[in-house]
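Everything below concerns the one structure shown next.
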Amino acid sequence: MDILKLLNALPGAVSQGMIWGLMAIGVYITYRILDVSDLTVDGSIATGGAVAAMLIINGCNVWLALLAAFLVGMLCGFVTGMFHTFFGIPAILSGILTQLALYSVNLRIMGNKANTALSVNKYPLILTSRNARALALNNPILIMAVFILVAIGLLYWFFGTELGCSMRATGANRNMSRAQGINTDKNIVLSLMLANGIVALSGALLAQYQGFADVGMGRGAIVIGLAAVIIGEVVFSKIFRNFGLKLLAVIIGAIIYYLVIQVVLWLGLNTNDLKLLTALVVALFLAAPHWKAKFLGAKEKRKGRG
Amino acid sequence: MLRIEHIAKTFNPGTITEKRALTDVHLHLKPGDFVTVIGGNGAGKSTMLNAVAGVFPVDHGTIAIDGVDVTHLPEHKRAAFLGRVFQDPMTGTAATMNIEENMALAMRRGERRGLRWGISAMERRMYQEQLSMLGLGLENRMSSKVGLLSGGQRQALTLLMATLRTPKLLLLDEHTAALDPKTAAKVLELSDKIIAQQKLTALMITHNMTDALAYGNRLIMMHEGRIVVDVEGEQKKRLTREDLMSLFGKAAGKELDGDKLLLS
């Protein structure tokens, strides 16, 4: 086990963590703020990657390609939102339906191919994994830091506005929200659009970073997103109370996740076993509050009686 | 102010759990009417209030508030006319948001919510003043999460939010039932004070016959999805528990089993 090999891999892990962290902010919006479990993201992140890659190789401006990915991601969220509110399908199932449909859509976008190469040699990409260890302004860590700060700033503003407040209220208490004149269905659709827009944007950045878009690049994205949200909360919930800092915690959660992955790979874990490990770790973290209430609660009761 | 014309509602029609919750409810409220609503479990009291609030569509009949037919308006649109306080103190407020944010949400009831900042400094001062009138010390805890408040505090806050913008109609759905007797009495006093001050039209469901007699200028009693007793004015003032029982017995067509039916 060569420690240098691990150290060499760390900058890459950090930049990957930052890209997936941006995606995880999308998950945070639906899962934590609106209290909706949205599985669209597994599809919409690949959609974002596919849209951006196809636009860029067809000569579109890179920034416009990012914007297009964001808008198409919003459309994905809109579809899930309609399934949920207008068709009355449970949120989880709505997301699964859109995600499944997106698999075909994504193949169509990429001209019926499972992946599209996006080489930094040919196109003026915004970021690439090749510069992960470069001490320069084009280092993906720096570039992602800018994206993340802008995203957090905009979301901080948005969730402080009247509309944003009404969306937070929708997540906190649907009955109360309707009683206060808030159209909860509209807000749920809006949040799914916003979240999937961000997810697709991160997909567009990921495709550039790794040099290709792949129809399977989103498999398990929701679980990675949840891992980032939960790790961020476990580590920072006591110190980060401000909304902006909570979003930052999600990013740091994703970075921690990728650093840990890097370490276990370095320790000799088979790459194929990664998703199994991720699922187990997230299951344990999701179980923690339930177990805490169940077992610690029981203990306190016994104490009280004794 | 409120015109309910022959509304009916059956839940789960055609199934084994079919429940005829409202059979034929007809009720007109004059501006300033403060009506207490009593009746046994399953009499249709909450169903009637929820039908007015638009929680579900009614099968027949029409509902109009201040001359506006709201029968087909969704719940969030009807909210513009209504102030609502629920039985469960958890229902009326957003626990994860703080006191001033909750009030700001209520302040914008019936308005378009755009990209202006969610709460202004001027509002904040106004909320502080309003809160101090509750006498619960909440004016010093404006940025506390509502989830940290007691049930009584949350109900008082919900009441304040319901009346922050003067509603055409205030709906109180057993809003003191989940509180301890002392707190319940306080919240009830507060409700009465606010209704009098703002000259509100109000419907208040209660399980407590004494409260139903003590408050309001009009009393209705429901049974099996209908209004079976409706007394107001001087007649209501003179009403006693015994009168109520015999009225109910006559209307429902059978002897009333003491307090059980009313207070169960």
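Considering helices alone, the calculated mean residue ellipticity of chain B at 222 nm is -10000 deg cm²/dmol, with DSSP H runs of length four and up weighted by -39500 (n - 2.57) and normalised per residue. Note on B:101-114: average number of Cβ atoms from other chains within 10 Å of each residue's Cβ is 5. A compact globular protein would have a Cα radius of gyration near 2.2 N^0.38 Å; the ratio found for the range A:3-269 is 0.98.
Computed as a quarter of the hull surface, the mean projected area of the alpha carbon convex hull for the range A:82-188 stands at 10.3 nm².
Beyond 26 Å, what percent of the Cα pairs of chain B remain? Working shown, then result.
Values: 14727 of 34716 pairs.
Percentage above 26 Å: 42.
Near B:A202, the amide H atoms lying under 5 Å from its own belong to B:D33, B:F34, B:V35, B:L170; only residues 5 or more places off or on other chains count, and H is placed 1.01 Å from N. Potential lengthening of the chain between B:K19 and B:A177 amounts to 54.5 nm, from the contour at 0.36 nm per residue minus the alpha-carbon distance. Distance distribution note for the range A:156-306: the fraction of Cα pairs above 22 angstrom is 59%. Over all orientations, the range A:204-264 has a Cα convex hull whose mean projected area works out to 5.0 square nanometres.
For the residue pairs B:K30/B:K186; B:K77/B:K193; B:K77/B:K186; A:K238/A:K292, alpha carbon separations beyond 21 Å are given by B:K30/B:K186; B:K77/B:K193; B:K77/B:K186. For B:K9, the lysines whose Cα falls under 18 Å of its own Cα, not counting residues fewer than eight places away in the same chain, are B:K19, B:K45. Solvent-accessible surface of chain A, taken per residue with a 1.4 Å probe and all protein chains present: 47 Å².
Legend: calculated FRET efficiency, A:L286 to A:A117, from the Cβ-Cβ distance at R0 = 35 Å, rounded to 0.05, equals 0.45. With both labels modelled 7 Å from their Cα along Cα-to-Cβ, the A:V146 to A:N242 distance reads 2.3 nm.
Close amide-amide hydrogen proximity is noted between A:F212 and A:L118, each under 5 Å apart and 5 or more residues distant or on a separate chain (H modeled in the peptide plane; Pro and chain starts excluded).
Counting only other chains, and only Cβ atoms inside 10 Å, what mean value do you get across the residues of B:84-93?
Numbers: counts 5, 1, 3, 0, 1, 0, 3, 5, 5, 5.
For peptide B:84-93, the averaged partner shielding equals 3.
For B:H223, the residues whose modelled amide H falls within less than 5 Å of its own, excluding neighbours fewer than 5 places apart on the same chain, are B:V228.
In a DSSP loop and with at most 16 other Cβ atoms within 10 Å, the trypsin sites (Lys or Arg not before Pro) in the range A:38-130 are A:K113, A:K122. Short to long, the 10 Å bins of the Cα pair-distance histogram for the protein assembly as shown hold 3, 15, 22, 20, 16, 12, 7, 3, 1, 0 percent of all pairs. Along the range A:114-120 the Karplus relation, 6.51 cos²θ - 1.76 cosθ + 1.60 evaluated at θ = phi - 60°, assigns HN-Hα couplings of 6, 8, 9, 6, 9, 7, 5 Hz to successive residues, with x for each Gly and Pro. Annotation for the range A:115-180 versus the range A:241-262: alpha-carbon center distance of 13 Å.
Bridgeable aspartates and glutamates around A:K246 (alpha carbons under 12 Å apart, same-chain partners fewer than 8 residues away excluded): A:E233.
Under the simplified labelling scheme, the A:Q210-B:Q235 pair shows an inter-label distance of 7.7 nm, with each label point 7 Å from Cα along Cα→Cβ.
Excluding ligands, DNA and RNA and using a 1.4 Å probe, chains B and A jointly bury around 2100 Å² of accessible surface, summed across both partners.
With Cβ to Cβ distances under 14 Å as the rule, what net charge do the other residues near A:F78 carry (K, R +1; D, E -1)? Don't jump to the answer; show the numbers that get you there.
On the way: positive: A:K186; negative: A:D38, A:D185.
Result for the neighbourhood of A:F78: -1.
The aspartates and glutamates whose alpha-carbon is closer than 17 Å to the alpha-carbon of B:K236, local same-chain residues fewer than 8 away aside, are B:D33, B:D192, B:D211. Listed values for the range A:194-210 are Karplus-derived 3J(HN,Hα) couplings in whole Hz (6.51 cos²θ - 1.76 cosθ + 1.60, θ = phi - 60°), namely 4, 4, 6, x, 5, 4, 5, 4, 5, x, 5, 5, 5, 4, 5, 4, 8, and x replaces Gly and Pro. When the trypsin sites (Lys or Arg not before Pro) in the range B:76-185 are filtered for DSSP coil states and for at most 13 other beta-carbon atoms within 10 Å of their beta-carbon, the remaining sites are B:R112, B:R116. In sequence order, the range A:91-105 has phi-based couplings of 4, 4, 5, 4, x, 4, 4, 4, 4, 5, 4, 5, 4, 5, 4 Hz under the Karplus curve 6.51 cos²θ - 1.76 cosθ + 1.60, θ = phi - 60°, and Gly or Pro positions carry x.
Put a dot 7 Å past the Cα of B:T10, heading toward its Cβ, do the same for B:V68, and the two dots end up 3.2 nm apart.
The values are calculated or read from the model by the stated rules, or taken from the named source; none is laboratory data. Because the structure is predicted, anything quoted here is derived from the model rather than measured. Counting neighbours? That spans all protein chains shown, and the Cβs are built from the backbone with ideal geometry, glycine included. Heads up: the accessible areas ignore ligands, DNA and RNA and are worked out on the full protein's heavy atoms, side chains in. Shrake-Rupley method; radii C 1.70, N 1.55, O 1.52, S 1.80 Å.
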